[in-house]
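Scroll down for the structure; my scribbles are underneath it.
The values are calculated or read from the model by the stated rules, or taken from the named source; none is laboratory data. Remember, predicted model here, so these are calculated numbers, not experimental data. Neighbour counts are summed over all protein chains in view; Cβ atoms, including those assigned to glycine, are modelled from backbone coordinates with ideal geometry.
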Amino acid sequence: MLLIVLSLPVLLTGLIVALIVSVMQAVTQVQDQTLGLVPRILAMLLAFAITAPWMLSKLVEFSREMFTCSLP
């Protein structure tokens with residue numbers, strides 16, 4: 001579950017940007033492959049940079065919980 005929560009902001013950003021770029025390509029009839037890839041990569045990197053502190057805190061919290069868990 002944590003994997004889905006952590007990856008959702010980056011993947012959702014990539015999905016939204018890809019949809020916008022593909023609509024723009026369809027409207028302008030420009031079918032260059034790199035035109036769709038570069039904005040998506042840049043947007044996903046930006047989303048990762050913005051959410052990285054939150055992701056790291058969630059991972060640290062999860063790791064602490066796993067290592068301090070006592071077995072029955």
Any chance Val5 is aliphatic (A, V, I, L, M) and in contact (Cβ under 8 Å) with a residue 40 or more places away in the chain: yes
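Just checking, which of Leu46, Leu71 is modelled with pLDDT of 95 or more and either at negative phi or among the aromatic types (Phe, Trp, Tyr) (or both)?
Result: Leu46 is the single residue among Leu46, Leu71 that is modelled with pLDDT of 95 or more and either at negative phi or among the aromatic types (Phe, Trp, Tyr) (or both).
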Long-range neighbours under 8 Å by Cβ, at least six apart or interchain, first residue touching a residue at least 40 places away in the same chain (Cβ under 8 Å) and assigned to a helix (DSSP H, G or I) within region 12-39, second aromatic (Phe, Trp, Tyr) and surrounded by fewer than 13 Cβ atoms within 10 Å (Cβ to Cβ): none
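Of Gln29, Gln25, which residue is more than 19 Å from the chain's Cα centre (by Cα) and loosely packed, with under 13 Cβ neighbours inside 10 Å?
On the way: Gln25 fails: loosely packed, with under 13 Cβ neighbours inside 10 Å.
Just one listed residue meets the conditions, Gln29.
Within region 47-57, can one find any residue that is assigned to a helix (DSSP H, G or I) and more than 25 Å from Val17 (Cβ to Cβ)? Explain how you work it out, then say what you get.
We begin by selecting, within region 47-57, every residue assigned to a helix (DSSP H, G or I); these are 47-57.
When the remaining residues are screened for being more than 25 Å from Val17 (Cβ to Cβ), the result is 57.
Yes: region 47-57 contains one or more residues that are assigned to a helix (DSSP H, G or I) and more than 25 Å from Val17 (Cβ to Cβ).
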